[in-house]
Amino acid sequence: SPTVTLSTFLDNSSSQDGGAVYNSESSPTFSRCLFRGNRALGKGGAMSNAASSPALVDCVFSDNRSAHDGGAMHNDGDSSPQLSDCTFSGNTSDHDGGGISFYGANPVVGHCTFSGNTAAQAGGGIHSLSSSPTVTHCAFAGNTAEDDGGAIHSLSSLAVVTDCEFSDNVSSRGGAVYGATHRLEIVRCTFSGNAATAGGALHLSDSDSSVADCTFLGNSSSGD
């Protein structure tokens, strides 16, 4: 598998998926790379992974945009990306997943930062559909979704979120996290200053979820 280090992907564009990088049935490693200002008319403004399991270490994704899902990165087709110490800031999706979108994926996301990402629909930071993401020791600050899950949107997924911080995220339902028809485990997380119309911090619907050893401080809802 190829290794890409200390590389910059700047202002690239695609009329389909993956504005800068498209991985198909591959497992490349990206280390200390910068993805900025990339665009895709399909999914994955900077990177799209199909049946691939890339490793990303200490990479930065900023100001990327997709016209569909995954403002910075999209993953589907049984992909299992491994992300550590990465930063996602100011990315935008015109659909779901301002930062990252997962469809049928099994990702591990650790020690990453999501700030100022925006989704026109669901999942300002992360959108998960029929996936099994593990998210640990991450920070979500100032992410926005017009509909559900300012930081994380989990639908029909088995998601585990541990030791994460959620602050000042905003959406219509679930200022920080929205989950439906799923199993969501949230452990040792802090929710502060998040806001929504329903569920300032969390909005859980038709779910079998558990929340343990968490702190909720100064979250707000204008409705339910």
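The values are calculated or read from the model by the stated rules, or taken from the named source; none is laboratory data. As the structure is a computational prediction, the values presented were derived from the model and not from experiment. A quick note on method: Cβ atoms are made from the backbone with ideal geometry, for glycine too, and the neighbour counts reach across all protein chains shown. Each accessible area value is taken on the protein alone, full model and side chains, heavy atoms only, with ligands, DNA and RNA left out. Shrake-Rupley method; radii C 1.70, N 1.55, O 1.52, S 1.80 Å.
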remark   = Matching residues in the stretch 50-88 (of a type outside the set (S, T, N, Q), surrounded by 21 or more Cβ atoms within 10 Å (Cβ to Cβ), over 13 Å from the mean Cα position of the chain (by Cα) and under 17 Å from VAL108 (Cβ atoms)) number 4
task = Say whether the condition of being closer than 19 Å to THR113 by Cα, assigned to a strand (DSSP E or B), open to solvent by 10 Å² or more (accessible area, probe 1.4 Å) and touching a residue at least 12 places away in the same chain (Cβ under 8 Å) is met by at least one residue in the stretch 9-28.
result = no
query = Quick check: is even one residue across the stretch 38-46 assigned to a strand (DSSP E or B), more than 23 Å from ASN169 (Cα to Cα) and without any contact (Cβ under 8 Å) to a residue 60 or more places away in the chain?
reply = yes
message = Go through (1) within 28 Å of ARG173 (Cα to Cα); (2) open to solvent by less than 40 Å² (accessible area, probe 1.4 Å) for THR118 and report which single condition fails.
response = (2)
task = Quick one: which strands (runs of 3 or more DSSP E) lie wholly within the stretch 86-150 and hold at least 2 residues that are in contact with a Pro (Cβ under 9 Å, 6 or more places away or on another chain)?
result = 100-103, 108-110, 126-129, 134-136
query = Of all residues in the stretch 154-163 being open to solvent by 10 Å² or more (accessible area, probe 1.4 Å) and part of a strand (DSSP E or B), which is nearest to ASP224 (Cα to Cα)?
reply = LEU155
task = For residues that are in a loop (DSSP other than H, G, I, E, B) and in contact (Cβ under 8 Å) with a residue 40 or more places away in the chain, tally how many sit in the stretch 166-201.
result = 5
query = Are there any pairs, at least 6 apart or on different chains, whose C-beta atoms fall under 7 Å, with the first in the stretch 202-223 and open to solvent by less than 70 Å² (accessible area, probe 1.4 Å) and the second at pLDDT 95 or above and among the basic types (Lys, Arg), and if so, which?
reply = HIS203/ARG173; CYS214/ARG188
